[in-house]
Amino acid sequence: MPSTRLLACLLALLLTGLAAPTLAQTPGQELQAYEDALARGERHANLWQAGWTGVYATSLAVNAWQASEASDRDDRYDARVGVVKSALALGGMFLDRQPHPRAHRELRDGGGDIESARRLLQAVAEEERQRRSLEARLGSLAVNAAAGLLIAVGDGRERDGAINFATGMLVSELQLQTQPRQATAAVNRFQPARVSIGDIHLEGEYAFLVGPNQLGVALRY
């Protein structure tokens, strides 16, 4: 059983006082995996950037037109609120860029230093995690809540305000969930490893774990 083997290794370590297990893998393969991950991340980031910029630019144009040309008074009011929301979202797309293109350039210019590459990938993976965290949702929550209250309280249409809030949060969540996560996948992937304790040698795999609620290392034998 895997758990029995792991327990035996730990017991042997305690009894013999030998050095801690060491993990071995090919640095060239690891570096290539990181290069591939950031290349995919860069492509994904560019598509994500262009796609959502187009969505918000189109929304801004449509809302700006409806704000003055819509025949219904409520539609004009909602469109004016929508202009502000779309403008803020569009500005965010230009100011808050994905880290993958920059990180890919840094990796290519790093001269094959595996330690720097590991730190770079882990930093990008951490930023991917932060971009999906609760804190990343606070901005959209504030904007959509304010827009919903303007319609519900300021214009006396509670149902329309609730719909505006829910729709805005749905779009914001979709934007967050479609962001690149290639660095997290590369850091989390299991890689070949060899554990040695005295005369005991075990082949297995290890992976760093980076997620919304966890940071650590997993061993698999």
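No value in this document is a laboratory result; all are computed from the given coordinates. Computed from a prediction, not measured in an experiment: that's the story for all the values here. Cβ: placed from backbone, ideal geometry, glycine included. Neighbour counts: every protein chain shown.
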TODO: Report the extension gain between GLU127 and ALA57 in nm, rounded to one decimal, defined as 0.36 nm multiplied by the number of residues separating them, less their alpha carbon distance.
DONE: 22.6 nm
TODO: May I ask for the distance between the Cα centers of the range 130-169 and the range 78-101, given as a whole number of Å?
DONE: 15
Open item on the list: Suppose R0 equals 22 Å. What FRET efficiency, 1/(1 + (r/R0)^6) with r the Cβ-Cβ distance, do ASP113 and GLN49 give to the nearest 0.05?
Closed with: 0.15
Open item on the list: Under 18 Å from a point placed 7 Å out from the Cα of SER68 along the Cα-to-Cβ direction: which residues of the range 82-103 have their backbone N that close?
Closed with: 82-87
Open item on the list: With a cap of 14 neighbouring Cβ atoms within 10 Å, and only residues DSSP puts in a loop, list the trypsin sites (Lys or Arg not before Pro) found in the range 137-191.
Closed with: ARG189
- [ ] Net charge near LEU88: determine it from the other residues with C-beta under 15 Å of the C-beta of LEU88, scoring Lys and Arg +1 and Asp and Glu -1.
- [x] +2
- [ ] Could you please tell me the mean projected area of the C-alpha convex hull for the range 28-80, averaged over all directions and given in square nanometres to one decimal?
- [x] 4.2
Task: Summed side-chain charge close to LEU138 - residues other than LEU138 whose Cβ falls under 15 Å, Lys, Arg +1, Asp, Glu -1 - done: 0
- [ ] Multiply the residue separation of VAL153 and ALA166 by 0.36 nm, subtract the distance between their alpha-carbon atoms, and state the gained length in nm to one decimal.
- [x] 3.1 nm
